Amino acid sequence: MKSLFIDKEIKYTGKELSPHWIYKNFHIGTDAIVSFVGEVDVKLDEMVDIEDVINNEPIYSKKMLNFIIECFEVPLGEMVWRQRLFVSIIKEVLEKRGVKTVRDGDDIFYNNKKLSVSIATKSVTSSLIHTALNIIPDGAPLEVSSLSEMGIDNVKSLAQDIMDAFCSECKSIYMAKCKVRGVIE
C-alpha cells in the first residue's frame, strides 16, 4: 500500500471515486491511499450511496480533508471491512491528539455532530473508498463538527498520521496472513 498527500487543493465531486484515478493523476499504479484538501460537492447523479439518493441528500462542504483508497483484487465486502477499519484508525489518531470522538459504523461524531462522510464501492477493476473530514463547518446542509472546532490546524500532519497508520495496519494484516501454517484435518 502506497500513500501520498497531494499538496494542491482538489474539489471532490464524486468523479474522483473511479478506477485508476490515483494512477492517472499521481502515477501510483498499485493499492494506494491519497489525501488532499478541498471543497466537496457531490450532486445526486454522482452519488454511489443509494440511500442518500433516495433521501435526496447530496453532500456539500466548503473545505474537507479527503482520502481516496483504491485496492485491486479486493471484493466489495472486504472493502467495507477496510472502510470500517480506516474510520476506526481515524478515530484512534484523533484520540492520540486528545480529541474524544464517537464512531458509529462508518461515521465519526464529535460533540454529537457528524465529522465525516464515507463510502466504499466496487469498480470493474478495483474497490474504492472515499472518506472525508470537515475542516471547517461552512456550507454543510446540516450542523456538523470540524477539525477546526477540535483545534486541529495542521491537516497535512493529521492526514499523514492517518495514512501511515492505515498502511502499517495493512502491512501487518498481510504479514499475519503469510506467517501462519495451514492446518489439515
Point to revise | Qualifying trypsin sites (Lys or Arg not before Pro) in region 127-185, DSSP loop, other Cβ atoms within 10 Å at most 14 | key: LYS179, ARG181
Revision key, fill the gap. Per residue convex hull volume, Cα only, region 1-121, in Å³ is 120 Å³
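Please identify every one of the GluC sites (Glu not before Pro) in region 40-136 that sits in a loop by DSSP and has no more than 10 other beta carbons within 10 Å of its own beta carbon.
Within region 40-136, the qualifying GluC sites (Glu not before Pro) (loop, at most 10 other Cβ atoms within 10 Å) are GLU73.
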Revision key, fill the gap. Whole-percent carbon and sulfur contribution to the accessible surface of region 91-185 (1.4 Å, no ligands, DNA or RNA) stands at 51 percent
Check your understanding: Total Lys pairs in region 39-117 closer than 25 Å by alpha-carbon, pairs eight or more apart in sequence or interchain only?
Key -> 20
**Study point:** Cα gyration tensor of region 126-185 - equivalent ellipsoid semi-axes, whole Å, descending
**Key:** 37, 15, 9
Exercise for review: Taking the Cα centre of region 1-128 as origin, work out the dipole magnitude from +1 charges on Lys and Arg Cβ and -1 charges on Asp and Glu Cβ, in debye rounded to 20.
Suggested key: 500 debye
Practice item. Using a 1.4 angstrom probe on the protein heavy atoms only, line up THR13, THR101 by accessible area, largest first. Key: THR13, THR101
Exercise for review: Compute the separation of the alpha-carbon centres of region 117-168 and region 1-39 and state it in Å as a whole number.
Suggested key: 13 Å
Revision key, fill the gap. Low-density loop trypsin sites (Lys or Arg not before Pro), region 1-78, at most 16 other Cβ within 10 Å, DSSP non-H/G/I/E/B, are LYS8, LYS11, LYS15, LYS43
Check your understanding: Taking the Cα centre of region 72-185 as the origin, how large is its charge dipole in debye, to the nearest 20, when only Lys and Arg (+1) and Asp and Glu (-1) carry charge on their Cβ atoms?
Key -> 340 debye
Review point. Under Stokes-Einstein, with the Kirkwood radius over Cα pairs standing in for Rh, what whole-number D in µm²/s applies to region 108-148 at 20 °C and 1.002 mPa s?
Key: 188 µm²/s
Practice item. Average the reciprocal distances over every distinct pair of alpha-carbons in region 49-185, invert the result, and give the Kirkwood radius in Å. Key: 16.2 Å
Study note, to complete from the structure: Straight-line reach check, LYS171, cutoff 19 Å on alpha carbons, 8 or more apart in-chain or any other chain, hits among lysines -> LYS2, LYS179
Point to revise | From phi via Karplus (6.51, -1.76, 1.60), per-residue ³J(HN,Hα) for region 12-22 in Hz, x at Gly/Pro | key: 8, 10, x, 5, 6, 8, 9, x, 6, 4, 5
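The values are calculated or read from the model by the stated rules, or taken from the named source; none is laboratory data. A quick note: this is a predicted structure, and the numbers were derived from the prediction, not measured. Here Cβ is always computed from backbone atoms with ideal geometry, including for glycine, and neighbour counts include all displayed protein chains. What goes into the accessible areas is simple: the full protein's heavy atoms, side chains included, and nothing from ligands, DNA or RNA. Shrake-Rupley method; radii C 1.70, N 1.55, O 1.52, S 1.80 Å.
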